[in-house]
Amino acid sequence: MGPARARGLEGRVALVTGAGGSIGRGIARCLAEEGMALALADVSLAGAEAAAAEAEGRGGRAIALGLDVARADQCRSAVGETRARLGGLHAVVNNAGVIGGPDLKLGLPLSDLTEEDWDAAYEVNVKGVFLLCQAALPHLQAQRWGRIVNISSRAGRHGTPAIPHYSASKAAVIIFTQALAREAAPHGVTVNAVCPGLIWSPMWERLARLYEAKLPGLEGKSPREVFDHFVAQTPLRREQTPEDIGRAVAFLASEDARTITGQALLVDSGAVMY
Ligand SMILES: NC(=O)c1ccc[n+]([C@@H]2O[C@H](COP(=O)([O-])OP(=O)(O)OC[C@H]3O[C@@H](n4cnc5c(N)ncnc54)[C@H](O)[C@@H]3O)[C@@H](O)[C@H]2O)c1
């Protein structure tokens, strides 16, 4: 195999949220491979630091930031700190997300859904995306080049029972992506979403325990067996790795995707096709 073809990201700077989580780490690895300098942000500073150490260990340039995306002041500071410490900002990856609050319940039937889970999903998944985009957009537009990639979900393309609050929040991310894509397009900034399918992560492990207790046919299964049950229902019968999502993000951030905006790319083994 010859050398990788440069995709125009070498030396550019990306800010990734939720970078301490499973998918965030995969996104960081893929963007680092493209030669990007990384600001890795997470509400857990320890998680962000571990991700930054991993990126630096692989020869990349990375800084760790503590960031609660639901706080406007912290979003503004994260953008300022990224620019000050890494010399610019070219791509923002809104990956931070939650399935619900600390005491997650499944919303099946709907009468079991709690306001806490609804509010937690909207606070991080929707308001968090809005606030960081609002903080970063003036800068991206002023330099007349920028990339925003929002991590939605297959659940944002297909109403998903048991987690209707999460599904609705991820659909909101897609429509927000489209609205912002239209606003930002004349300024050289693209805005797209990636919709992951099934990635084994702490988020899924938590969800699987609840499914086991509530959904018929899953009784007695381990969290991993519950997860595999859902993977087996997808056309390709393959779970996604964090790097599967990271490569989609790298593509959308690259020059190769310069005429793609307002899209929601499913990376889900063909589970949703439209
Ligand atoms: N795992 C899946 O199968 C799957 C499928 C579809 C979409 N997603 C989406 O992918 C993204 C990453 O999920 P994951 O599976 O890696 O989950 P994860 O729980 O491993 O990681 C999520 C990260 O976000 C951070 N976070 C939570 N609230 C935050 C806040 N307010 N501010 C900043 N950071 C915050 C957490 O600390 C954690 O490090 C999420 O948006 C999730 O909804 C995941």
Using Cα centres only, tell me the gap between region 62-138 and region 171-249 in whole Å. 17
Any number yet on Rg/Rh for region 53-174, C-alpha, Kirkwood? 1.05
Using θ = phi - 60° and the Karplus relation 6.51 cos²θ - 1.76 cosθ + 1.60, list the HN-Hα couplings for region 174-187 in order, rounded to whole Hz, with x at every Gly or Pro. 5, 5, 4, 4, 5, 4, 5, 4, 5, 5, 7, 3, x, 9
Show that you can apply the helix-only estimate: for the chain, add -39,500 (n - 2.57) for every DSSP H stretch of four or more residues, divide by all residues, and state [θ] at 222 nm to the nearest 500. -13500 deg cm²/dmol
At most 15 other Cβ atoms within 10 Å and a DSSP loop assignment: could you name the GluC sites (Glu not before Pro) in region 162-250 that fit? Glu219
Quick one: what do you get for region 1-80 if you divide its Cα Rg by 2.2 N^0.38 Å? 1.10
Taking θ = phi - 60°, what integer Hz values does the Karplus form 6.51 cos²θ - 1.76 cosθ + 1.60 yield along region 91-98, in sequence order, with x for Gly and Pro? 9, 10, 10, 8, 10, 4, x, 9
Can you compute 3J(HN,Hα) from phi for each residue in region 146-156, using the Karplus curve 6.51 cos²θ - 1.76 cosθ + 1.60 with θ = phi - 60°, rounded to whole Hz and x for Gly and Pro? x, 9, 10, 10, 9, 8, 9, 5, 3, 5, x
Helix 45-57 sits at what angle to the longest principal axis of the chain, using alpha carbons and giving 0 to 90 degrees rounded to 10? 60
Once a ≥ b ≥ c are taken as the square roots of the eigenvalues of the Cα gyration tensor of the chain, is the result rounded (a/c under 1.5), prolate (a/b larger than b/c) or oblate (a/b not larger than b/c)? prolate
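Laboratory data are not the source of any read-out in this text; all were calculated from the coordinates shown. These numbers were taken from a predicted model, which means no experiment stands behind them. Every residue, glycine as well, gets a Cβ built from its backbone with ideal geometry; the counts of neighbours run over all protein chains shown.
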